Structure formats: C-alpha cells, structure tokens
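The values are calculated or read from the model by the stated rules, or taken from the named source; none is laboratory data. This structure is a prediction, so every number in the text was calculated from the model and none was measured. Positions of Cβ are backbone-derived with ideal geometry, glycine not excepted, and every protein chain shown enters the neighbour counts.
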Amino acid sequence: MKNPVIEQLIDAQLDFLDREFNESKTVQDEFLNFYQWFRQQRLQDIWSFEKINHLLQKQILATPASNFLIEQIADHIRFAIVHPVNDETTIEDIIPVTTIDKIALYVASKSSHRKALIKKIVNNPSFSSMLTELIHHSIQDYVDNSVMNKKVPGVGRFMKMGKSVLETVTDTNLDDTVKHYLQKNIIKISQLSENVLNRNFDDNKLYHFQANLWHKVKTAPISNIKKYIEVNDLPKTVSLGHEIWEHLRQTDYLKKQVHDGVYAWYVRNQERNFDQILSDINIDQALVENELHQLLAPVIKTMISTDHLKTRARIYLEKFYYSDEVLSILKIES
C-alpha cells in the first residue's frame, strides 16, 4: 500500500533530478567528474585479461556478421568508388611524393629478399613450363613468319627445305627436337633467366623503375580505379570476402592469435591507468570536455524529455523509501 508522504518525497526528488539534469552544466560536471575518476584507475583494477578476452572472443569471433552489415560494407565501398570527387582528385593529391620515394628506396634496398624471390620464381615448375612454351613458340614463329622469309625471295622456301632435311636426317619432328632440347636444358635456361632478372632489377634500376612508374600514374584521377574494379560485382566480391572471414573466425588459429595478442597487450598495459591508455588513441581531457560532452548532452536531454530518467529513477526510489530501514526512520508502519 502506497504512503502519501513517501509518494510526495519521491515526486519531490524526481522533480529535483529533472531540474538539475536539465542544466547542461550539471551534465558536463558529472561527466567530467566521472572521467576524472576513471582516468586514474589502473587497467588491472577494473578489468581482468579473462574478461577482455572473453568479450572479444564472443563478439568478434563467435558472432557472425549480419547480412545487413555486409550489404552496408558493399554500399560504402561502392559509394567511395563512384564518388564524384574522384574525378577531380589525382593520385598525387592523396599520396605524398616523399612517401613514395621512401617506399621506392626501401623496396630497392631489399636485395637479398628480391634475389630470393626471383630464385624461387624461376625454379618453380610452372615458370619452367611457361618459359619452355614461350621459347618454343618464338622459335616456331621465327621459322614460319620471320621478316626475312617475307622480304627476301626464296628464303622462305629455303627455310622450309632446311627444316625438312633436318627432320629427315634426325628422323624426328623439329618441334619435338626443340621441346626436348629446351626441357633438357631448362635448368641452365632458368639460371640464365635468374641472372638476367637480377641484372635488370638491381637496387638502382629498381628504384628508377618505381620512380618512372610514379611519374606516369601520379596525375591520373582516382576515378581510374573503376577500370579495375567492377562496381556492379561488389555485392558478390564482398560476400566472397565475408565467406573467408566466416571460416577464419571459427578456426583455432585465429582464436589463439586473438587470445595471445590480447594477453600480450594486457601484460604491457595492466599497470597503466586509463588516462595513459586512452591517450594512445588520442582521447584526452580536452576531447572529453568538448567533443564527447557535445555527443552526450543531447542523449541526457532526450532521456529527460521522454520521462525515461524519471521512470527509471522512480523504480529505485520506491525500493528505497518502502524498505524496512527507511520506513522505520520515518516511523511509518509497513
């Protein structure tokens, strides 16, 4: 049974809270006071590694992305690609030439990595097969369609006769003979290819190759990207990327990577306070006092205007005033 005195007290307190929180200064002061307290707390005193890891494992790895989110990702990528500003923005407008030069110098300086990569490529069976076919077709094309055949009378007939004589003497087809020779000597040919590639991609030549490439593309508009990305296929390509993520997020590999990565971060930061941790992502007191407060104030005002704050506060005030302890203080029989 409700008591009229208690109901008056509750209503008076709710009116008081309503008036106080309608003042923007009150909201700002309370938010800053909370921040001042929070920023001094150490990570290990608030959250444990287990809690952080559990949250990430559950929300990122154990929870699939919604179809609506995937659609939004595709829409935003499409929006960025077809944005009209791309037509008037060049590559050099968004990428500084000094950075390109640093990248060129860095890539050019990695001689040992480059040579190892070239060796791996030229010794790959697929490369050997491709090289054999290329040389074979080049020789065949020369025999059948060389410029001399076309411009010097009788040479074409002579070349065909020579080919016929060679095949009669060796009792083999010229194509087969060439292929057999190439396959037998492909190791030497691959080594020669490796030497040629290393000569043509030494540090200096590679640096200038990258520099020349930059000068060719730097004035191209960003909209040129549409030549290489099929905008209408974005829902399909984003969906394929999502399929890869769907499989990856459920693997023990990624679960272990996240677990150990979070643990390493926690060990480094557990004794630091939140002020230091937040500063790592550029959140400081000035940001809290200005931008974050501007975001929070409308939320509080909306809560007050819709009576949400009063409704929630009344629940706890009633529990407080109708508790046995308070009824005893007020000398009201329950």
ask   = For residue 193, all conditions in the list (1) within 30 Å of residue 109 (Cα to Cα); (2) in contact with a His (Cβ under 9 Å, 6 or more places away or on another chain); (3) at pLDDT below 90 hold save one; what is the number of the exception?
value = (2)
inquiry  = Tell me yes or no: at least one residue of segment 88-105 is outside any helix (DSSP H, G or I) and surrounded by 15 or more Cβ atoms within 10 Å (Cβ to Cβ).
reply    = yes
task = Hey, could you check segment 282-334 for residues that are out of contact with any Asp or Glu (no Cβ under 7 Å at 6 or more places or on another chain) and among the small types (Gly, Ala, Ser) and say which is farthest from residue 16 (Cα to Cα)?
result = 286
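Got at least one residue in segment 146-160 being within 30 Å of residue 91 (Cα to Cα) and either modelled with pLDDT of 70 or more or aromatic (Phe, Trp, Tyr) (or both)?
To start, the set of residues in segment 146-160 that are within 30 Å of residue 91 (Cα to Cα) comprises none.
No - not one qualifying residue is present in segment 146-160.
Considering segment 61-77 alone, what residues qualify as being touching a helix residue (DSSP H, G or I) at 6+ places or on another chain (Cβ under 7 Å) and either at pLDDT 95 or above or not in a loop (DSSP other than H, G, I, E, B) (or both)?
If the condition is that a residue be touching a helix residue (DSSP H, G or I) at 6+ places or on another chain (Cβ under 7 Å) and either at pLDDT 95 or above or not in a loop (DSSP other than H, G, I, E, B) (or both), then 61, 70, 73, 74, 77 are the ones that fit.
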query = Within segment 37-74, can you find the residues that are of a type in the set (D, E, K, R), under 23 Å from residue 248 (Cβ atoms) and in contact (Cβ under 8 Å) with a residue 40 or more places away in the chain?
reply = 71
inquiry  = Just to be sure I understand the filter: pairs with C-beta atoms under 6 Å, separated by 6 or more residues or on different chains, first member in segment 8-32 and under 14 Å from residue 303 (Cβ atoms) and not assigned by TED's automatic domain parsing to the domain that holds residue 287, second member among the charged types (D, E, K, R) and surrounded by 15 or more Cβ atoms within 10 Å (Cβ to Cβ). Which pairs pass?
reply    = none
task = Identify the residue in segment 211-265 that is among the basic types (Lys, Arg) and under 30 Å from residue 44 (Cα atoms) and, among all such residues, is surrounded by the most Cβ atoms within 10 Å (Cβ to Cβ).
result = 249
query = So which of 256, 301 ends up being in the same structural domain as residue 37 (by TED's automatic domain parsing), part of a helix (DSSP H, G or I), over 29 Å from residue 29 (Cα atoms) and among the basic types (Lys, Arg)?
reply = 256
note = Out of (1) in a helix (DSSP H, G or I); (2) among the polar types (S, T, N, Q); (3) closer than 30 Å to residue 48 by Cα, the one residue 282 does not meet is (1)
